[in-house]
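As structure tokens, the structure follows; a few thoughts come after it.
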Amino acid sequence: MSALCPVSCGDGASAAEMSPGFKLGARGGRGVALALLAAASCLAAAPAPSPAPTPAPAEAPASAPAQEARARALFKEIRCVVCQNESIDSSQAEIAEDLRRVVREQVAAGRSDGEVRAFLVARYGEFVMFRPAFSPGNAALWLTPFLVVLGGLALVVGRERGVAPVAPLNAEEAERLRTLNETEPFNRNVT
């Protein structure tokens, strides 16, 4: 057994003597110490586990069942600005909870569905509604791609119609072409 490697391999040779790549010495010991120091530094730099999030308090429904039904119907029309593909009715994001609370407050204050929608659009923009109101800006946004495609098709069709058909060769041109084909050797291989 070696003094540097106290592990015996059974026949009197140490593990250090048996494996050619395993050498502890002044350099090997320093490398192991550096590796252990790096591992300890990584563990020390790791963030501490965060405590479990506290559940949000349950949302209070509107006081009257009719108001809650109106609010629920509006929830399905309003987009969650975080999730973007979900209504605030099905989203669990905090902003969706806030929007549900705002809608309930607006309904409880006696505002109509149109006034609630207008309030949300004024605050968050048309994007908040799943079915935005028709406007010239929306029409341009939706119709522009179709107009570009139709314009491209019109250009292609116009170019095809604008190309004059090739006139057939007259007798003189046909004879000249035949003569050229016979006299020019490299043209004979062209099909």
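How many of the residues making up the range 77-101 are within 17 Å of the chain's Cα centre (by Cα) and without any contact (Cβ under 8 Å) to a residue 12 or more places away in the chain?
Counting residues in the range 77-101 that are within 17 Å of the chain's Cα centre (by Cα) and without any contact (Cβ under 8 Å) to a residue 12 or more places away in the chain gives 3.
Conditions (1) in a loop (DSSP other than H, G, I, E, B); (2) of a type in the set (S, T, N, Q); (3) at pLDDT below 90, marked per residue:
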residue	(1), (2), (3)
Asp98	no, no, no
Glu105	no, no, no
Phe127	no, no, yes
Pro132	yes, no, yes
Gly137	no, no, yes
Arg159	no, no, yes
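With the structure loaded, tell me whether Gly114 is over 30 Å from Arg70 (Cα atoms), open to solvent by less than 70 Å² (accessible area, probe 1.4 Å) and part of a helix (DSSP H, G or I) or whether it fails that test. Don't jump to the end; show me each part of the working.
Working: over 30 Å from Arg70 (Cα atoms): no; open to solvent by less than 70 Å² (accessible area, probe 1.4 Å): yes; part of a helix (DSSP H, G or I): yes.
The answer is no for Gly114.
Before we move on, is Phe134 in contact (Cβ under 8 Å) with a residue 40 or more places away in the chain, loosely packed, with under 13 Cβ neighbours inside 10 Å and under 30 Å from Ala73 (Cβ atoms)?
Working: in contact (Cβ under 8 Å) with a residue 40 or more places away in the chain: no; loosely packed, with under 13 Cβ neighbours inside 10 Å: yes; under 30 Å from Ala73 (Cβ atoms): yes.
No, not satisfied.
When Phe127 is evaluated against the numbered criteria (1) under 30 Å from Ala64 (Cβ atoms); (2) open to solvent by 50 Å² or more (accessible area, probe 1.4 Å); (3) touching a residue at least 12 places away in the same chain (Cβ under 8 Å), which criterion, by number, is the only one it fails?
If we test Phe127 against (1) under 30 Å from Ala64 (Cβ atoms); (2) open to solvent by 50 Å² or more (accessible area, probe 1.4 Å); (3) touching a residue at least 12 places away in the same chain (Cβ under 8 Å), just (1) comes out false.
Specify which of the listed residues (Ala93, Ala139, Ala108) is open to solvent by 50 Å² or more (accessible area, probe 1.4 Å) and among the small types (Gly, Ala, Ser). Working first, answer last.
Working: Ala93 fails: open to solvent by 50 Å² or more (accessible area, probe 1.4 Å); Ala139 fails: open to solvent by 50 Å² or more (accessible area, probe 1.4 Å).
Only one candidate passes the filter, namely Ala108.
The values are calculated or read from the model by the stated rules, or taken from the named source; none is laboratory data. Bear in mind that the values here come from a model prediction, so they are computed numbers and not experimental data. Glycine also receives a Cβ, built like all others from the backbone with ideal geometry; neighbour counts cover every protein chain displayed. For accessibility, only protein heavy atoms count, side chains too; no ligands or nucleic acids. Shrake-Rupley method; radii C 1.70, N 1.55, O 1.52, S 1.80 Å.
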